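To start, the structure itself, in structure tokens.
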Amino acid sequence: MSATAAAVSSLVLVLLSFFLLPALCFSQPDAIPPLLKLKKSLNNGDSKLKNWIPNSSPCRRKWVGVMCDDETIIGLHLTNLGLSGSIDVQALSQLHRLRTIRLVNNAFTGPIPEFNKLRGLKAIYLSNNQFTGEIPDKYFGSMGKLKKVWLNENKFTGNIPSSLMQLPHLVELHLEGNQFSGKILELKYPDVLKSLDLKGNQLEGNIPESMSKFNVSTFEGNDRLCGEQLKKPCAHPPLSDKQTPLSTPTIIITYVTFFVVFFFVIINIASTIEEKDHDLRKVSNSRETFRNAHIVSGSTRKSSSNNLSLKTKRGSSHKGNKNKMDMI
Ligand SMILES: *[C@@H]1O[C@H](CO)[C@@H](O)[C@H](O)[C@H]1NC(C)=O
């Protein structure tokens, strides 16, 4: 009897596990703790992510913003929810098949979170938030699978990270409406990129050769940027560029500047010479006056005629002082 009971109970166990195992495999229970941690890290998670609750399947129960491929979480699309707080990226790194993070139109602030720990990401959308500060130059170095990067309408500053321009699969890059500054670097894989927007930043210098296929609407609103697309030739083309002839205004300005400088130099030299001449004359005049005074004191008509003849030799450049002395 006990043998039969044992057989039955083991059969039940086998049957149970037969039905339960798939459920355990596909409901991805591992995904629940990370998502609940993420919820906790958000300021208003409780009110905005109401159906994110323990003991419920994120995919089957269609948790708000959780995108699944069958039973696997592949994306988080948390848009227009007024979310803020410091995102627990460490928790997200446990979602091994997460490919897309979309946090568009929320209220996130501060520096860009360390999404670069999520090496499998293919798309990241952070548009329309209040993210600030510089993005480290090497930030995207660990995100070689990225295809779409949308950071537009935030408050990012500093240079566009060089690692971003070196992503091999980058198809869409939107950085418009930030405060990115400095020069735009060349794209390492220009043929891959299909959509680019850098409008309304503080970028400067010339538009790189690798971005020549994009038109004015990609670049406008950067006052110190120059290039063909903006109909604003660069003043100092890079040495590698073909030498373009100087424009007429440039030539005119150069000539005018040259002549103005030349004129002032001549004036300056002339006045220096005159001054020296003047000083010399002053010295000789005073000597002469001294001698004349002696002669005058001798009270002869001859002396005064001498004096006159000297005066005529000297021409019209009299000195008031000397005249006075002559009167004596
Ligand atoms: C720029 O190119 C885009 C498509 O790439 C086009 O929709 C837009 O009209 C163009 N703008 C101008 C001003 O040519």
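No value in this document is a laboratory result; all are computed from the given coordinates. Computed from a predicted model, the values in this text were never measured in an experiment. Virtual Cβ from ideal backbone geometry, glycine too; neighbours counted across all protein chains shown.
Quick rundown of the values:
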{"quantity": "Estimated D of the stretch 133-214 in µm² per second, where Rh is the Kirkwood radius over Cα pairs and Stokes-Einstein applies at 25 °C, 0.890 mPa s", "calculated": "195 µm²/s"}
{"quantity": "Sorted by Cβ neighbour density within 10 Å, fewest at the top, the residues 199, 231", "calculated": "231, 199"}
{"quantity": "Most to least packed among 111-118, 41-48, 124-131 [average Cβ atoms within 10 Å]", "calculated": "124-131, 111-118, 41-48"}
{"quantity": "Whole-Å semi-axes of the ellipsoid equivalent to the stretch 27-243 (Cα gyration tensor, √5λ, descending)", "calculated": "37, 17, 13"}
{"quantity": "Rounded if a/c under 1.5, otherwise prolate or oblate - the stretch 65-158, Cα gyration tensor axes", "calculated": "oblate"}
{"quantity": "Virtual spin-label span in nm between residue 157 and residue 56, 7 Å along Cα→Cβ", "calculated": "4.3 nm"}
{"quantity": "25 Å Cα-Cα threshold exceeded, pairs from 199/231; 155/231; 147/213; 37/194; 48/194; 147/199", "calculated": "155/231; 37/194; 48/194"}
